[in-house]
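Inspection log for the structure reproduced underneath, given as structure tokens.
Values quoted throughout were computed directly from the atomic coordinates according to the rules given, and no laboratory measurement underlies them. Note that the structure is a prediction, hence the values are computed from the model and not measured. As a convention, Cβ positions derive from the backbone with ideal geometry for all residues, glycine included, and neighbour counts pool all protein chains shown.
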């Protein structure tokens, strides 16, 4: 049991809509990262939040945005959905101290289907 | 740009065999390398994390090694079991950005 939870587990949207995915980090963790995993691919890094601020971003357009809250839970927002946004969205939490990169603990993911 | 390759893409073996999964990366300036397991349609479970200063890590029947100079890591699974069936992913964090790069994984089936 990793302690990282995500909601919803599955979601169906249509092109052009907006979606919000949620993640609850493992207790004591201060960093959350979001990934997109298309079928048959490895996860692609979207962005990372450390103590409520974005501190790293992958090659994703601005319509992918996020938030981290004081309790270290997090949201991923995607605007103007496209068919290619269909994927498994994973969040991962970790305790980053700056000295050593720690193990990331992943949630079960949210599977998004865009029609 | 860091690129991570995993070989083989798929593997099917009888129970009891010892296995070696390979992960190679193009930029040797890494912070760490992590091996994960992913069951179908599920999230990732961390198996082993190797910091850049380390050569290997062990957990139970799993052993991961790291050779930065050659840009390679191997995951060794001893005495494989049907419950080991899953996709195994490696992820590399590269210096300067901390952004992890994942390989596409090795899909493993261990049959009784």
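Numbers below:
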{"quantity": "Relative exposure of A:72, B:31, judged by other C-beta atoms within 10 Å (fewest first)", "calculated": "B:31, A:72"}
{"quantity": "Whether chain A is rounded, prolate or oblate, judged on the alpha carbon gyration tensor where a/c under 1.5 counts as rounded", "calculated": "prolate"}
{"quantity": "Partner chain coverage, peptide B:101-108 - average Cβ within 10 angstrom", "calculated": "3"}
{"quantity": "For chain B, built as a Gaussian network whose Cα springs stay under 10 Å, the top-fluctuating residue of B:24, B:70, B:59", "calculated": "B:59"}
{"quantity": "Order of B:55, A:57 - criterion: other Cβ atoms within 10 Å of each residue's Cβ, fewest first", "calculated": "B:55, A:57"}
{"quantity": "Exposure proxy order (Cβ contacts within 10 Å, fewest to most) of B:87, B:26", "calculated": "B:26, B:87"}
